[in-house]
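Scroll down for the structure; my scribbles are underneath it.
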Amino acid sequence: MISEASYSFEAPPEAAGQRLDRFLAGQEPFLSRSQVQRLMDKGLVLVNARQARPSLRLRAGDLIRMTVPPPEEVALVPEAIPLDIVYEDEDLLVVNKPAGLVVHPAVGHHRGTLVNALLDHCSDLSGIGGYLRPGIVHRLDKDTSGLLLVSKSDPAHQGLSAQLKARQIKRKYLALVCGEVRSGQGLIDAPLGRDPKDRKRIAVVAGGRTARTHYRIKERFAGYTLLDVELETGRTHQIRVHLAYAGYPVAGDPVYGPRRNPLCLPGQALHAYRIVFTHPRTDELMAFEAPLPPAFREALDLLRRS
C-alpha cells in the first residue's frame with residue numbers, strides 16, 4: 001500500500017510575493033495547482049506551522065510543510081483487450097503496444113489500459129510498480145506505439161529497473177518529424193521539467209532534469225525527415241519535447257507539433273521499434289524489434305510517392 005508523503009520547503013528570496021499555491025505547484029511536478037488547493041482545503045499545507053490559504057503571499061524564508069495522502073485504491077479489472085506479445089517467459093513480457101492504448105490506469109481512467117489487458121492475460125505481475133502500475137517497468141505515451149517491457153515478478157522488476165537506471169537498456173525509436181533536418185546526426189542535451197505556463201506540458205527549463213536524446217537521419221523527404229532516435233535518459237515526453245525544441249516537431253503530435261496535419265496522422269508518428277536488455281535471471285542479452293504500425297507506414301509510403 002502506498003503511504004502518505006510529506007514535503008518541506010523553504011521559500012527562496014525569488015519566491016517572495018508569489019502565491020503559495022502557484023509556488024507549490026512549481027515544486028512538485030506530479031501536483032497541479034488545483035490539487036495543491038484541495039490539499040490546503042483539507043489543512044494539509046502549513047506555513048510556519050500554521051494552516052495557510054492558497055492566496056497567501058510568500059516571504060523569503062517561510063517554512064512550508066505539505067502532506068500528500070495516499071491515492072484512493074480502485075479495483076483493477078482484467079479486460080480481454082488483444083495484446084501483441086513479442087516475447088514471454090516466466091519472468092517478463094515484451095509487448096508491442098498499439099498507438100491509442102494508455103499504459104496504466106490513472107485518476108478518472110481505470111479501464112481500457114494495457115494494465116487491464118495484462119491482468120486478463122496473466123495474474124502474476126510484479127507489484128513494485130505500485131497499485132495502479134503492476135509489472136510496468138517503463139512507459140510509452142498513449143499515442144506512441146512500440147515495444148514495452150513488463151515484469152512478472154519482483155526480482156525481475158528490480159533487475160530491469162536497475163538496468164534502466166544505469167542506462168543499460170537500449171531503446172530506439174523511429175520518428176517522422178516536420179522539416180528537413182540538416183545535420184546527419186546529433187545530440188539534444190537539454191533539461192526537462194513541467195512547463196511553468198502549462199502544467200500539463202513538459203518543456204526545456206533551466207534547472208530541469210537532465211535529458212539527452214541522440215538522433216540520426218534515416219530517410220529524407222520534401223518537408224519531412226525520418227529519424228532514428230535513441231534515448232540516453234527517459235523523461236516524460238522527452239523525444240517529442242526535444243525534437244520540437246530543436247525545431248523539428250514530431251508529425252501528428254497534437255501537443256507539441258503544428259496544428260496542420262496534412263498526412264492525416266491519428267497521433268504522433270513515433271514508434272519504439274527496438275529494445276535491447278539483459279535478462280534479469282539468465283543474464284542473456286536480448287534484442288527485439290517491432291514493425292511500424294499501419295498509419296505510420298502509410299504516411300511514409302505517401303511521402304515516398306510524392
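The values are calculated or read from the model by the stated rules, or taken from the named source; none is laboratory data. These figures come from a predicted structure and were not determined experimentally. Virtual Cβ from ideal backbone geometry, glycine too; neighbours counted across all protein chains shown.
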Seminar exercise, completed: Within segment 13-33, the count of residues that are part of a loop (DSSP other than H, G, I, E, B) and at pLDDT below 90 comes to 6
Problem set entry | Unmet criterion (only one of (1) in contact with a helix residue (DSSP H, G or I) (Cβ under 7 Å, 6 or more places away or on another chain); (2) surrounded by fewer than 21 Cβ atoms within 10 Å (Cβ to Cβ); (3) over 17 Å from residue 303 (Cα atoms); (4) not acidic (Asp, Glu)) for residue 271 | (2)
For this session: Check segment 81-101 and report whether any residue there is touching a Leu at 6+ places or on another chain (Cβ under 6 Å), farther than 22 Å from residue 279 by Cα and in contact (Cβ under 8 Å) with a residue 24 or more places away in the chain.
Result: yes
Problem set entry | Inter-residue pairs, beta-carbon under 8 Å, first charged (D, E, K, R) and in segment 60-73, second loosely packed, with under 12 Cβ neighbours inside 10 Å and modelled with pLDDT under 95, 6+ apart | 62/10; 65/6; 65/8; 65/49; 73/1
For this session: Working carefully through the options 36, 77, 47, 68, find the one that is at pLDDT 90 or above and of a type in the set (Val, Ile, Thr).
Result: 47
Problem set entry | Of all residues in segment 233-253 being at pLDDT below 95 and of a type outside the set (Gly, Ala, Ser), the one that is surrounded by the most Cβ atoms within 10 Å (Cβ to Cβ) | 235
Seminar exercise, completed: Restricted to segment 171-214 and to residues being part of a loop (DSSP other than H, G, I, E, B) and in contact (Cβ under 8 Å) with a residue 40 or more places away in the chain, the residue farthest from the chain's Cα centre (by Cα) is 180
Exercise. Taking the stated definitions as given, is residue 223 farther than 26 Å from residue 169 by Cα, modelled with pLDDT of 95 or more and more than 19 Å from the chain's Cα centre (by Cα)?
Worked result: yes
